[in-house]
1. So residue 120 passes all but one of these: (1) over 22 Å from residue 11 (Cα atoms); (2) surrounded by fewer than 21 Cβ atoms within 10 Å (Cβ to Cβ); (3) not basic (Lys, Arg). Which condition number does it fail?
2. What number of residues in segment 41-100 are surrounded by fewer than 16 Cβ atoms within 10 Å (Cβ to Cβ), farther than 13 Å from residue 28 by Cβ, of a type in the set (A, V, I, L, M, F, W, C) and within 16 Å of the ligand (Cβ to nearest atom)?
3. Name every residue in segment 1-14 that is open to solvent by 40 Å² or more (accessible area, probe 1.4 Å) and within 15 Å of the ligand (Cβ to nearest atom), in order of residue number.
4. Within 16 Å of the ligand (Cβ to nearest atom), part of a loop (DSSP other than H, G, I, E, B), open to solvent by 20 Å² or more (accessible area, probe 1.4 Å) and within 25 Å of residue 15 (Cα to Cα), is that true of residue 139?
5. Could you grab the pairs with beta carbons closer than 8 Å, sequence gap of 6+ or different chains, first residue in segment 30-50 and modelled with pLDDT of 95 or more, second one open to solvent by less than 70 Å² (accessible area, probe 1.4 Å) and charged (D, E, K, R)?
Amino acid sequence: LRVAALASGRGSNLAALFAAHLPVEYVLVGSDKAKAGALQVARDAGIPTVAMSPKDFPDRVAFDRALFGTVAAAKPDLLVLAGYMRIIDASVVADWEGRAINIHPSLLPKYQGLHTHRRCLEACDSEHGASVHFVTAELDGGPVVAQARIAVGPSDTEATLAERLLVEEHKLLPAVVRAIADGRLTWRGEPLFQGAPLS
Ligand code: GRF
């Protein structure tokens, strides 16, 4: 399985993917931040990288078309958003329907968008978690593939929740990519990702 990834930050989820030694070939790691730690993680793993700055483009869709066009050129079977912090133009997302997954630090459909740990604490939830879902035009709104749960304690803060949840994320994302690589991920009864690479 040919896998590409996009990340905007330190890349701990990307590093967890690499550390899982999955039966996949990483073909490209891209970022909207030239200094993203995730790009160094990819370089250290000998994986080609690309960074593009939204400032160099007239508008969102131009940037998205450039970056996702470069990703498509690497002919991945699967695109993983591993901490990619931009909302993607709907016309661009449409090309990746069923071929892109995202990891989000909440028990979707709860807390789509940002500040999920804070919102979980404010709601006094007894549970928190992370979700891997298919990317669709609705932000953090696509079909959920798998979730990991943690208990929320009375002394938890945003920082302690984020830290404990990240440990679970680092297990959840590789488990989903492994299921896809093994052909165990089906959608409406059909095995996914058995088709030809993206055009
Ligand atoms: C993770 O919490 C992920 O759920 C969210 O952003 C964070 C990415 O962290 N999308 P990292 O860059 O993978 O360390």
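1. (2)
2. 2
3. Across segment 1-14, the qualifying residue is only 10.
4. Values: within 16 Å of the ligand (Cβ to nearest atom): yes; part of a loop (DSSP other than H, G, I, E, B): yes; open to solvent by 20 Å² or more (accessible area, probe 1.4 Å): yes; within 25 Å of residue 15 (Cα to Cα): yes.
When the stated conditions are applied, residue 139 passes them.
5. Short answer, once both residue conditions are applied: 32/86.
The values are calculated or read from the model by the stated rules, or taken from the named source; none is laboratory data. Just so it is clear, the model here is predicted, and its values are computed rather than measured. Counting neighbours? That spans all protein chains shown, and the Cβs are built from the backbone with ideal geometry, glycine included. Accessible surface is based on the protein model in full, side chains and every heavy atom, while ligands, DNA and RNA are left aside. Shrake-Rupley method; radii C 1.70, N 1.55, O 1.52, S 1.80 Å.
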